[in-house]
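Q: Have a look at this one.
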Amino acid sequence: MEKFTIHIGQSVPLMNDNIDTDQLIPKTYLKRVEKSGFGEFLFDDWRYLANRSLNPDFILNHPDYQQATILVAGDNFGSGSSREHAAWALMDYGFKAVIAGSFSDIFYMNATKNGLLPIVLDQNAREKIAHLPSNHQLTIDLEAQTVSVGEDTYHFDIDETWKYKLLNGLGEIGITLQSADEITAYEQTIPSYRA
């Protein structure tokens, strides 16, 4: 997993409430076993018309937002099923962070475990960010726990454990490998008849 320290990028507003995992990535595309290749299908029902051409009315298809790496959304983002593919699709598309009013617990865990930063900001902050001109840049500083744009800075909360993992690029396996010497030492104490 990549370290997340400071990210500077453009945001794209999709201020819908209750964006669920079926909207993030429909179940039709869950047959892959690798974590890559899902970005093409992110918001599939909204991004594409019936003939699979891009829907010109959907904001992610607007030319001004093609480089966006921060998604700004409404409340209850990521509700629905427990599919980890939703986080994979957002990341594969190019998003580094999602700013919302709230997240479903399962989506929040899936996001942090994969290096996607979920940020909770209140409605006023999100509305202000959503109305920025398309050529703006947001700065997310995980160490300081801030989102900044121009003279405005917004603080966000994050559990210290997740903050540590994201700052250091450590997934569950990486955390376990930090104790490799202790694990090896313990395994050497196990009698051979129990191995």
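The values are calculated or read from the model by the stated rules, or taken from the named source; none is laboratory data. From a predicted model like this one, the values you see are computed outputs, not experimental measurements. Please note: Cβ atoms are built from the backbone with ideal geometry, for glycine as well, and neighbour counts cover all protein chains shown. For the accessible areas, the whole protein counts, side chains as well, though only heavy atoms, and no ligand, DNA or RNA atoms are used. Shrake-Rupley method; radii C 1.70, N 1.55, O 1.52, S 1.80 Å.
Q: Can you compute the charge dipole magnitude of segment 6-189 about its Cα centre, using +1 on each Lys and Arg Cβ and -1 on each Asp and Glu Cβ, nothing else charged? Give it in debye, rounded to the nearest 20.
A: Roughly 600 debye, rounded to the nearest 20.
Q: Separate question: Sort the following peptides by mean Cβ neighbour count (other Cβ atoms within 10 Å, averaged over residues), highest first: 137-144, 182-189, 86-93.
A: Peptide ranking by packing, descending: 86-93, 137-144, 182-189.
Q: Right, something else. Would you please give the residues with an amide H less than 5 Å from that of Ile119, counting only those at least 5 places away or on a separate chain, with H modeled from the backbone geometry?
A: For Ile119, whose amide H was placed from the backbone, the distant partners under 5 Å are Val98, Ile99, Ala100.
Q: May I pose another question? Tally up the carbon and sulfur contribution to the accessible surface of segment 6-189 as a whole percent, 1.4 Å probe, everything protein left in place.
A: Looking at segment 6-189 in its full context, I get 50 percent from C and S.
Q: Then there is this: Counting pairs of Cα atoms in segment 6-189, how many percent are more than 27 Å apart?
A: 30
Q: Another question about this same structure. For the chain, set up a GNM with springs between Cα atoms under 10 Å and report which of Asp17, Asp159, Asp181 has the largest fluctuation.
A: Ranking Asp17, Asp159, Asp181 by mean-square fluctuation puts Asp181 first.
Q: Near Lys31, which aspartates and glutamates are there with a Cα under 13 Å away, not counting those fewer than 8 places off in the same chain?
A: Within the straight-line limit of under 13 Å, Lys31 reaches these aspartates and glutamates: Glu84.
Q: Starting from the alpha-carbon convex hull of segment 85-190, give the projected area averaged over all orientations, in nm².
A: Projected over every direction and averaged, the Cα hull of segment 85-190 covers 8.7 nm².
Q: Of all the C-alpha pairs in segment 24-108, what % are more than 18 Å from each other?
A: Within segment 24-108, distances greater than 18 Å cover 44 percent of Cα pairs.
Q: Continuing with the same structure: Most fluctuating residue of Thr21, Thr146, Thr161 in a GNM of the chain with Cα springs under 10 Å: which is it?
A: Thr161
Q: How much accessible area per residue does the chain have, in Å², with a 1.4 Å probe?
A: 54
Q: By a straight-distance test (C-alpha under 25 Å), which lysines pair with Lys3 as possible cross-link partners, with residues fewer than eight away in the same chain excluded?
A: Result set, ordered by chain and number: Lys35, Lys96, Lys113, Lys163, Lys165.
Q: Right, next: Once the Cβ-Cβ distance between Ser53 and His136 is put in as r, and R0 is 30 Å, what FRET efficiency do you end up with, to the nearest 0.05?
A: 0.55
Q: From the backbone phi of segment 69-84, what are the Karplus-calculated ³J(HN,Hα) couplings (6.51 cos²θ - 1.76 cosθ + 1.60, θ = phi - 60°) in whole Hz, Gly and Pro given as x?
A: Each residue of segment 69-84 in turn: 10, 10, 9, 10, 10, x, 8, 6, 6, x, 5, x, 6, 8, 4, 5 Hz.
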